[in-house]
Amino acid sequence: AALLTFALNAVAAETKPTGTLIDFQAQAQRSAPNDLGYAAMYFEATGAHAGELSKRVNQAISAALATAKSHPEIKVKSGSTQTYPVYAKGNRTIESWRMRSEVLLESRDAAALSDLVGKLQATLAVGSMRFTPAPETLRKADDEAAMDALAAFQEKATRYAAALKKQYRIVSITIGSNGVPPAPSERYAMMKAVADSMPVEAGESQIVVGVTGQIELLESAASSARP
């Protein structure tokens with residue numbers, strides 16, 4: 001154990017930076033098609049009797065699920081269901097019940113999804129609708145952007161070191177991606193387009209990858225460190 005500790009300390013001492021350090025950033029971006037669409041639709045109603053209300057809501061959701069399942073290119077499943085009391089004004093007496101139940105849709109076919117949402121709007125309301133890159137599409141764009149960002153980082157490092165007539169070694173690198181959360185304004189625009197029976201354009205997402213790192217300028221070209 002003592003010998004191992006000594007060896008690790010020796011390695012740490014050899015690699016500890018002794019030259020000038022430079023911290024800087026580089027970034028790159030790639031476009032990724034929003035090839036996967038999601039929609040959440042719901043039926044909401046109010047009634048004096050919870051049992052009758054539940055039956056009414058379940059019938060509406062069952063009919064919507066049957067319609068959706070006739071579209072094999074669209075994945076469909078039941079979402080959340082909520083039931084809560086409606087109180088009379090001025091006191092805590094329950095005067096009625098309100099129930100809301102969801103149908104969740106997922107598809108790679110934007111046109112088919114838009115068409116189905118339009119049909120279901122005869123009985124359901126649109127809770128949300130968004131388009132995003134599918135997981136494999138996102139991974140591909142993220143990897144490509146990361147490679148571009150690393151190349152940009154190395155190009156900067158070489159240029160900075162050359163300007164100071166030094167060789168360099170990379171001390172540390174951190175890679176970060178922005179991900180692709182849809183903006184609320186985009187979701188609203190998509191919902192409004194469907195509600196107005198307008199074509200929905202899935203569009204693209206910009207995947208941005210940033211590289212933050214540190215290089216050490218070496219004091220002599222004879223150093224064994226390589227750029």
Where residues in region 55-66 are closer than 14 Å to Leu120 by Cβ and more than 29 Å from the chain's Cα centre (by Cα), which of them is surrounded by the most Cβ atoms within 10 Å (Cβ to Cβ)?
Ala60
Selected residue (criterion: surrounded by the fewest Cβ atoms within 10 Å (Cβ to Cβ)) from residues of region 78-106 that are within 22 Å of the chain's Cα centre (by Cα) and at pLDDT below 95:
Ser80
Filter result for the condition that a residue is among the charged types (D, E, K, R), part of a helix (DSSP H, G or I) and out of contact with any Gly (no Cβ under 6 Å at 6 or more places or on another chain), over Lys89, Lys140
Lys140
If a residue must be open to solvent by less than 40 Å² (accessible area, probe 1.4 Å) and either at pLDDT below 60 or out of contact with any Leu (no Cβ under 7 Å at 6 or more places or on another chain) (or both), how many such residues does region 216-227 contain?
2
Neighbours by Cβ (under 6 Å, 6+ apart or cross-chain): first from region 54-68, in contact (Cβ under 8 Å) with a residue 12 or more places away in the chain; second among the polar types (S, T, N, Q) and surrounded by fewer than 17 Cβ atoms within 10 Å (Cβ to Cβ)
Ala60/Thr123
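The values are calculated or read from the model by the stated rules, or taken from the named source; none is laboratory data. All of these numbers come straight from a predicted model, not from anything done at the bench. A quick note on method: Cβ atoms are made from the backbone with ideal geometry, for glycine too, and the neighbour counts reach across all protein chains shown. Calculation scope for accessible area: heavy atoms of the full protein, side chains included, ligands and nucleic acids excluded. Shrake-Rupley method; radii C 1.70, N 1.55, O 1.52, S 1.80 Å.
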